[in-house]
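One structure is given here, and the rest of the page talks about it.
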Amino acid sequence: MSLNDEERRIMVEHECRKARQTFAQAETLRRDGYWDGVANRLYRRP
């Protein structure tokens, strides 16, 4: 599948938003001491 520039921009924006959300989840888990959850969030690959 070939993406045009606008489709590529939308996909990158979506992936960046997901990455920021996952990092925020990991940060909350870290603050609460749930280290297995932190590792899970940072290791997983969509």
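The values are calculated or read from the model by the stated rules, or taken from the named source; none is laboratory data. Here the structure is a predicted model, which means the values were calculated and not measured. Cβ sites come from the backbone with ideal geometry, for glycine too, and all protein chains shown count toward neighbours. For accessibility, only protein heavy atoms count, side chains too; no ligands or nucleic acids. Shrake-Rupley method; radii C 1.70, N 1.55, O 1.52, S 1.80 Å.
What tally of residues in the stretch 1-40 results from selecting those that are among the aromatic types (Phe, Trp, Tyr) and either at pLDDT 95 or above or exposed (fewer than 11 other Cβ atoms within 10 Å of the Cβ) (or both)?
Matching residues across the stretch 1-40 total 2.
Somewhere in the stretch 27-46, is a residue touching a helix residue (DSSP H, G or I) at 6+ places or on another chain (Cβ under 6 Å) and of a type in the set (Lys, Arg)?
yes
If the Cβ limit is 6 Å and pairs must be 6+ apart or interchain, which residue in the stretch 1-23 that is without any contact (Cβ under 8 Å) to a residue 40 or more places away in the chain pairs with which residue that is in a helix (DSSP H, G or I) and open to solvent by less than 80 Å² (accessible area, probe 1.4 Å)?
What qualifies is Thr22/Arg41.
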